[in-house]
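This report refers to the structure that appears directly beneath it.
The values are calculated or read from the model by the stated rules, or taken from the named source; none is laboratory data. As the structure is a prediction and not an experimental result, all values here were calculated from the model. As a convention, Cβ positions derive from the backbone with ideal geometry for all residues, glycine included, and neighbour counts pool all protein chains shown. Quick note on the areas: whole protein, heavy atoms, side chains included, nothing else; ligands and nucleic acids left out. Shrake-Rupley method; radii C 1.70, N 1.55, O 1.52, S 1.80 Å.
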Amino acid sequence: MIWYPYQQMKTMGAPYEIVDAEGVYLYTKEGKMIDSVSSWWSVIHGYKHPELNQAIIDQVNRFSHVMLGGLTHQPVQRLSQKLEEFLPGDLNYCFFSDSGSVAVEVALKMALQYCMNRGEHGRTMILALEHAYHGDTFKTMEAGDDEDYHFVLNAYGPSQYVVHIPTEVQALEQAFARHGHQLNCLLVEPLLQGAGGMRMYDISFLKRARELCDQYGVLLIFDEVATGLGRTGNRFVADLVLPDILVLGKALTGGYIGHAVTVANQRVFEAFYDDDPGHALMHGPTFMGNALACAAALKSIELFERQDYMSKIRRIEAVTRREMAGFSHPRVREVRIMGGCVCVEVLHPDDLRGYQQFAYQRGVFSRPFLNCMYAMVPYVIPEEALIQVLDTMKAWFAGRG
Ligand SMILES: *Cc1c(COP(=O)(O)O)cnc(C)c1O
């Protein structure tokens, strides 16, 4: 039996069975629907993309996987080289892993050991944001802040190692004044907090965070697993404020194969680079640098650049702003738009009950959560399809008290 994610198995409805997929469309036996979620925000080029398919097929015909322990290969070499030039600043040292959660774990381990390797043993704490989501493994749950996902952690009581603050400069300054010398890192989803409720905040917070991190000798980690590769309307938020460690996942392979990367800057790498074997990073996921994933990621980045995806994302944002202009409803608290993300936050989660089925009947796949109805569409979406997604969102509220 399949144990499905984030669901009470006893009461969940039957999932839609997908038999084919192409472009922005998912096909069931009954018909087709636009994937307004991009399969958890990853399928940025749409489904069955001919060039991505071919890149993987070509690699399958050589080899699909070899381990990186004691072995290396062209796809992983080319991808790390590509990331070096594609990413801002001196974010040049790529540690690959198989999922976003693991890549965040690696970033947190790097930050802790960075301090230990430098003899700063008192820096055991992490500063993180309220409503943060960084994955479902144990340390990422601890760094996250959402009861709805991680209430199992209540078994341990409050964490001694993580402090959560709101995205306000004053709270940030207070946290540094209080804990600055015990922190090894500040971990954030920059500008857009995804799974914690599609919350958007201002770049000024991150600029101040960068200053304080420098002042107190704390590493700044951007979890761009969701925001990376264009979602906020920036290629990376790291283009605006440079972190010490950057984490990418989800869209990295165009949503074809689970893979992620933790990218460190020179300063972090140098704290490990030493004659002392005890200063090495002791981590190694079995499938890190998987050759098929690397081939997909390389092709994905090539498409992103060659076909000017940033202009596609700007167009998605412009159409979304135009179509949502003036929309309001007594049940709606706020409409938020940033780049390729739109969220309609309702007053109560019950206001979204039945929406998934409503959208399905109108040819749209949607998956509301908490009190968020949202769309994060594939960047290749034609304008009519995007309008269909947005009209469906608005239509739900028509005639409701
Ligand atoms: C999805 C997500 C993760 C976890 O990635 P997985 O591949 O599901 O483990 C981590 N951080 C952020 C910001 C995410 O959105």
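Looking at (1) touching a helix residue (DSSP H, G or I) at 6+ places or on another chain (Cβ under 8 Å); (2) at negative phi, which is the one condition that is false for R333?
(1)
Name the residue that is surrounded by the most Cβ atoms within 10 Å (Cβ to Cβ), counting only residues in region 135-161 that are under 14 Å from K109 (Cα atoms) and in contact (Cβ under 8 Å) with a residue 24 or more places away in the chain.
A143
Here is a list of conditions, (1) assigned to a helix (DSSP H, G or I); (2) more than 30 Å from V342 (Cβ to Cβ); (3) of a type in the set (S, T, Y), and T286 meets all of them except one; can you say which number that is?
So the condition that T286 fails would be (1).
Is it the case that A251 is surrounded by fewer than 21 Cβ atoms within 10 Å (Cβ to Cβ), among the small types (G, A, S) and not in a loop (DSSP other than H, G, I, E, B)?
no
If you scan region 106-138, which residues turn out to be within 16 Å of F222 (Cα to Cα) and within 13 Å of the ligand (Cβ to nearest atom)?
V106, A107, L108, A128, L129, H131, A132, Y133, H134, G135
Does at least one position in region 83-97 carry a residue that is charged (D, E, K, R), open to solvent by 30 Å² or more (accessible area, probe 1.4 Å) and within 15 Å of the ligand (Cβ to nearest atom)?
no
Given the conditions (1) within 16 Å of the ligand (Cβ to nearest atom); (2) surrounded by fewer than 23 Cβ atoms within 10 Å (Cβ to Cβ); (3) in a helix (DSSP H, G or I), report the number of the one that S80 does not fulfil.
With (1) within 16 Å of the ligand (Cβ to nearest atom); (2) surrounded by fewer than 23 Cβ atoms within 10 Å (Cβ to Cβ); (3) in a helix (DSSP H, G or I) applied to S80, the lone miss is (1).
A238 - would you say it is in a helix (DSSP H, G or I), within 16 Å of the ligand (Cβ to nearest atom) and among the aliphatic types (A, V, I, L, M)?
yes
Which count do you get for residues in region 229-240 that are open to solvent by less than 10 Å² (accessible area, probe 1.4 Å) and in contact with a helix residue (DSSP H, G or I) (Cβ under 8 Å, 6 or more places away or on another chain)?
Within region 229-240, residues that are open to solvent by less than 10 Å² (accessible area, probe 1.4 Å) and in contact with a helix residue (DSSP H, G or I) (Cβ under 8 Å, 6 or more places away or on another chain) number 4.
If you check A111, A132, which single one turns out to be crowded, with 18+ Cβ neighbours inside 10 Å, within 24 Å of the chain's Cα centre (by Cα) and not in a loop (DSSP other than H, G, I, E, B)?
A111
Can you tell me which residue among A103, A143 is within 16 Å of M288 (Cβ to Cβ) and within 16 Å of the ligand (Cβ to nearest atom)?
Sole residue among the options that is within 16 Å of M288 (Cβ to Cβ) and within 16 Å of the ligand (Cβ to nearest atom): A103.
When the residues of region 169-201 are narrowed to those that are charged (D, E, K, R) and under 23 Å from G135 (Cα atoms), which ends up surrounded by the most Cβ atoms within 10 Å (Cβ to Cβ)?
E189
Pick from region 41-67 the residues that are under 19 Å from Y309 (Cβ atoms) and either among the hydrophobic types (A, V, I, L, M, F, W, C) or open to solvent by less than 20 Å² (accessible area, probe 1.4 Å) (or both): which of them is nearest to the ligand (Cβ to nearest atom)?
W41
For region 366-386: of the residues being of a type in the set (A, V, I, L, M, F, W, C) and open to solvent by 40 Å² or more (accessible area, probe 1.4 Å), which is modelled with the lowest pLDDT?
Taking the candidates together, the pick is L370.
With the condition being within 23 Å of the chain's Cα centre (by Cα), I'd like the helices (runs of 4 or more DSSP H) fully within region 147-229 carrying at least 3 qualifying residues.
Passing ranges, in order: 147-150, 203-216.
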